[in-house]
1. Filter segment 94-114 for residues that are at pLDDT 90 or above and surrounded by fewer than 16 Cβ atoms within 10 Å (Cβ to Cβ); which is farthest from residue 9 (Cα to Cα)?
2. With the structure loaded, tell me whether residue 220 is touching a strand residue (DSSP E or B) at 6+ places or on another chain (Cβ under 8 Å), at pLDDT 80 or above and crowded, with 16+ Cβ neighbours inside 10 Å or whether it fails that test.
3. Would you mind finding the one in 59, 84, 80 that is more than 30 Å from residue 229 (Cβ to Cβ), out of contact with any strand residue (DSSP E or B) (no Cβ under 9 Å at 6 or more places or on another chain) and either at pLDDT below 90 or crowded, with 17+ Cβ neighbours inside 10 Å (or both)?
4. Look through 296, 264 and report the one residue that is more than 19 Å from the chain's Cα centre (by Cα), at pLDDT below 95 and within 28 Å of residue 213 (Cα to Cα).
5. Is at least one residue of segment 68-77 touching a helix residue (DSSP H, G or I) at 6+ places or on another chain (Cβ under 9 Å) and in a strand (DSSP E or B)?
6. Given the residues 343, 333, 315, which is the only one that is at pLDDT 95 or above, part of a strand (DSSP E or B) and touching a helix residue (DSSP H, G or I) at 6+ places or on another chain (Cβ under 6 Å)?
7. Working carefully through the options 350, 355, find the one that is surrounded by fewer than 16 Cβ atoms within 10 Å (Cβ to Cβ) and either touching a helix residue (DSSP H, G or I) at 6+ places or on another chain (Cβ under 7 Å) or in contact (Cβ under 8 Å) with a residue 24 or more places away in the chain (or both).
8. Would you please name the residue that is farthest from residue 331 (Cα to Cα), looking only at residues in segment 368-382 that are modelled with pLDDT under 85 and either within 25 Å of the chain's Cα centre (by Cα) or not in a loop (DSSP other than H, G, I, E, B) (or both)?
């Protein structure tokens with residue numbers, strides 16, 4: 001259990017709690033309170049330092065205790081000063097901001113590897129490091145992505161982290177490395193993924209993108225090859241990549257090899273993530289914009305599913321507060337050609353304790369039978385914002401499209 005940040009320090013310390021500090025969760029109970037006839041939900045916590053205890057309701061000196069309740073919970077009248085204390089579940093929700101469970105699975109196999117993530121903004125970086133899993137037989141798998149938590153360093157800013165598990169039929173990602181070894185344990189905070197496909201990439205599972213020291217996803221993987229992709233989208237200086245540790249634990253042995261994937265595959269993976277949990281908006285037939293709100297901010301992605309019309313989307317998020325745009329501007333305009341998808345914008349929360357908000361407006365234009373070239377403002381130089389071909393996209397207008405175009409021309413229509 002982790003207590004809150006600097007903005008809550010004074011209130012918490014006045015009640016005997018330390019901020020930016022981890023407490024152990026020992027017990028969770030519901031007890032009948034004879035004095036009020038109500039049910040109290042209580043938690044027992046412990047400060048590992050063995051001192052400084054909670055001073056509020058249900059603390060050692062609280063008037064809410066009766067001899068009967070102390071006996072029921074095996075709490076002696078003379079409380080030992082060992083750092084442990086009781087508090088109401090409601091107070092825990094008010095003063096603590098996270099709970100992490102540690103899975104102890106000594107029989108599991110485990111491998112850990114270090115890596116670095118570049119900034120995945122508007123400028124292309126060529127690709128990122130990833131890990132290929134070769135699952136030999138069906139197995140439960142738990143994958144964690146860990147970054148430095150900044151504990152004791154007030155100048156350290158947490159970045160957003162996200163881990164995706166992907167598959168792509170008939171694709172081997174290559175790479176060199178070893179297999180996983182002996183068992184271990186790891187903390188978790190997870191969210192199941194979807195299976196939306198873009199450009200041949202299928203999302204098998206994902207964590208939530210979050211400004212936390214660790215994110216985790218779990219999946220039951222059948223035999224085959226999978227890709228584990230660590231991602232961070234918060235803008236940062238090119239010479240300051242994010243260092244991380246990835247941990248793969250599995251109920252049955254599997255092979256794990258480091259590899260490298262190109263920007264286009266990273267874009268396709270992010271598109272699948274947005275589609276799996278995003279809210280779709282359809283301004284025209286065959287034109288869809290998805291927006292996903294996750295633990296670190298918002299991601300917007302658009303698809304032009306038509307065969308021959310261009311799709312223009314103007315995105316204005318200039319009313320947002322305390323967010324960092326991946327494209328360097330809160331306003332963007334993109335002309336997307338047929339059978340293409342594009343990651344429009346990523347907004348990531350800024351300073352964690354200052355609050356944040358997002359305001360967004362979109363304007364759309366569809367140009368049927370347009371042959372206009374794609375256009376982008378701000379300009380795109382590769383990277384995750386570059387347009388990508390949709391899965392199963394044709395190479396150009398079909399014969400039927402050409403016949404329809406010729407018919408419209410004979411009727412007096414002209415095309416850009």
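The values are calculated or read from the model by the stated rules, or taken from the named source; none is laboratory data. Values in this document were obtained by computation on a predicted structure and should not be read as measured data. Note: ideal-geometry Cβ built from the backbone for every residue, glycine included; neighbour counts use all protein chains shown.
1. 107
2. Judged against the criteria, residue 220 is not a match.
3. Criteria check complete, one pass: 80.
4. It is 264.
5. no
6. 343
7. The match here is 355.
8. 382
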